[in-house]
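The values are calculated or read from the model by the stated rules, or taken from the named source; none is laboratory data. Here the structure is a predicted model, which is why all the values come from computation and not from measurement. Glycine gets a Cβ as well: all are built from the backbone with ideal geometry, and neighbour counts include every protein chain shown.
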Amino acid sequence: MNLGERLKLLRLQKEISQTELAKRFNIARSTLSQYESNTRTPSDEMKLKFAEYYNVSLDYLLGKSDSSEPNTAINLTEKDKKDIQKDLKNIMDDFKEQTDGTKYYNGIELRDEDFDLIETAMNVALEQIKIKNKKKYTPNKFKK
């Protein structure tokens, strides 16, 4: 489903006419009609306004996600960051201290700067896992 189809679907679900919605956003009804028919693309600012108005994520509005749930940003606490760094250190120490010889990737021996890249990638992955788990396991009453 493309942007125009999503805009039209959301407007119809909210049971609001093009004229009413156009007035709310201070645009011409014909402009809104062009957005819904994909003959004109709204500005990024207007897309954000639509997403906020309909209480959906921008990804949903743009057709990149089928979930209309708005993105609720979950920030990592300092404790979370320290825990991640501790876990990362343990993972990298285990990896570097393997007793089966030199470490290779794709047939090429890994150098110290290669380990730095691996560590950076692991850090990003661990942060994303922590955020995903916080979203999944944090009760709704604690979410903002």
- Query: What pairs come up if the first residue lies in the stretch 1-29 and is free of Cβ contacts under 8 Å to residues at least 12 places away in the same chain, the second is assigned to a loop (DSSP other than H, G, I, E, B) and of a type in the set (A, V, I, L, M), and their beta carbons are under 7 Å apart, counting only those six or more places apart or on different chains?
  - Reply: ALA22/ALA28
- Note on the structure: Considering residues that are modelled with pLDDT of 70 or more, within 15 Å of LEU7 (Cα to Cα) and loosely packed, with under 11 Cβ neighbours inside 10 Å, the number found within the stretch 64-82 is 1
- Task: Kindly indicate the residue of the stretch 91-131 that is among the basic types (Lys, Arg) and modelled with pLDDT under 80 and also farthest from LYS81 (Cα to Cα) among those meeting that condition.
- Result: LYS103
- Query: On the given criteria, is TYR54 surrounded by 14 or more Cβ atoms within 10 Å (Cβ to Cβ), more than 30 Å from ALA121 (Cβ to Cβ) and either out of contact with any strand residue (DSSP E or B) (no Cβ under 7 Å at 6 or more places or on another chain) or in contact (Cβ under 8 Å) with a residue 60 or more places away in the chain (or both)?
  - Reply: yes
- Message: If I filter the stretch 12-37 down to residues being of a type outside the set (S, T, N, Q) and outside any helix (DSSP H, G or I), which single residue comes out as modelled with the lowest pLDDT?
- Response: LYS14
